[in-house]
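Let me begin by presenting the structure, written as structure tokens, before commenting on it.
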Amino acid sequence: MINDVLVPGLVYGSLYGLVAVSLTVLHRPTRVLNFAQGDLVMLGAMTMAVLTLPWPLAAAIAAAGVAAVALVEERVAVAPVLRRSPYGSAWVITTLAFSLALNQLAGRLWTDEPRTVEPPAPLSLDPLTFLGVRFNSYQLAVVLVTLGVVAALEAHARTRTGCAVRAVAADRDAARLRGIDPARLSRRAFLLGGALAGLTGALAAPLTLASVAMGFGLLIKGFFAAVLGGVGDVRGALLGGWIVGVVEAAGADYVSPGAQTAVLFAVTLAILLVRPQGLRGSEELRRV
């Protein structure tokens, strides 16, 4: 069970958790769930596949490039919507349209054929065994990097900017009256969320292969992770990602590889019936 379920569940769950974390970073100051986030991850992975630079430098370029694309998305697909209606839901259509446009553009630039990306030296995909547990050094690095990202974001949440983000998340209009600029925080959130998406794509490429079609699956599982953990909670996003990864691996191992998505839906539904706000989410009380 450990080698077939827990190890792959935690590794791939870390990737799903990173997608959920990037969605959370965007959602906090904007209340927007970015439907283009999966294709931003894809863009990071494909950038890694086409660059012939040292891995750390290529990953930095991928993160910076995707952050720039995310900022463009914020300017053309999110900011105009929030200016007209801060509490509306037109962003569903605009971010979905941006996702489709980005995917079509990527399809014209690159073929649909998956591309391999080698992990950075001295890490490798060669199997190791420790106390009967089989894993490889790159898998361990992915989990550790994910934990580092979550720890950094939790520390950032306690800064002055983090407090401003929480204020905007609680009440956008009241925060503006206190001198906080929600538009500026929105731009920063999309830059950071885009950089995280690019980093996620760079980390995912050696494990999943880089492909133009990889974004949709990662987006769906990232949504699952965010909802399971509690939308808006970074640690909950990681916890949700690990649950999604372990349930997916267990469904493939104990039921059938073709049924793992159905198992994931069933488990998610069961958890949300008991905890509609997510495992780490809190109920919101509003006076009407």
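Since every read-out is calculated from the coordinates, none of them should be taken as a lab result. Treat the numbers as computed from the prediction; the structure is a model and nothing was measured. We place every Cβ from the backbone using ideal geometry, glycine too, and count neighbours over all the protein chains shown.
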Exercise for review: Take the Cα of Ser85, step 7 Å along the line toward its Cβ, and report every residue of segment 152-178 whose backbone nitrogen sits under 19 Å from that point.
Suggested key: 172-173
**Study point:** Where labels lie 7 Å past Cα in the beta-carbon direction, separation of Glu154 and Thr261 in nm
**Key:** 3.4
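Trypsin sites (Lys or Arg not before Pro) within segment 126-160: which are DSSP loop residues with at most 14 other Cβ atoms inside 10 Å?
Details: sites: Arg134, Arg158, Arg160; in loops: Arg158.
Answer by residue number: Arg158.
Given charges of +1 on the Cβ of Lys and Arg and -1 on the Cβ of Asp and Glu, with all other atoms neutral, how large is the dipole of the chain about its Cα centre, in debye to the nearest 20?
Details: 23 positive and 17 negative charges, 272 e Å.
I would put it at about 1300 debye.
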Revision key, fill the gap. If the chain between Leu209 and Leu105 were fully extended at 0.36 nm per residue, the gain over the current Cα-Cα distance would be 35.5 nm
Check your understanding: Points 7 angstrom from Cα along the Cβ direction at Arg75 and Phe130: gap in nanometres?
Key -> 4.5
Review point. Considering the values (1) 140; (2) 130; (3) 160, which represents volume of the Cα convex hull per residue in Å³ as calculated for the structure under consideration?
Key: (1)
Study note, to complete from the structure: For the chain, longest principal axis from Cα atoms; helix 214-229 axis from its Cα atoms; angle between them, nearest 10 degrees, is 70
Check your understanding: Using alpha carbon centroids, what distance separates segment 188-204 and segment 31-81, in Å?
Key -> 6
